[in-house]
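Every number here is computed from the coordinates shown, using simple stated rules; none is lab data. In this text the structure is predicted, and so the values were computed from the model without any measurement. Neighbour counts run over all protein chains shown; Cβ positions are idealised from the backbone, glycine included.
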Amino acid sequence: MLLICLLICLLICLLICLLICLLICLLICLLICLLICLVIVIFTDSYIAKSVCRFYQNCAAFLEGF
């Protein structure tokens, strides 16, 4: 997930950076990419984890009913 995000972000960066000074632009872009991607991965991971927990809690409650 993180790698895919970084790759997409870097491709966009390359397109933008072709217009500006490449090296400096890429370094700044890489830092921004890392931050954005980490936030996305952390949020999606915690969302998925919470969903799985809720599912298991519902299952446990359902099974206890029997």
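FRET efficiency for the pair ILE16 and SER46, taken as 1/(1 + (r/R0)^6) with r the Cβ-Cβ distance and R0 = 25 Å, rounds to 0.25. From the P(r) of the stretch 2-64, could you give the percentage of C-alpha pairs in the tail past 17 Å? That fraction is 55 percent.
Shown is the FRET efficiency for LEU31 and LEU3, computed with R0 = 22 Å from the Cβ-Cβ distance and rounded to the nearest 0.05: 0.85.
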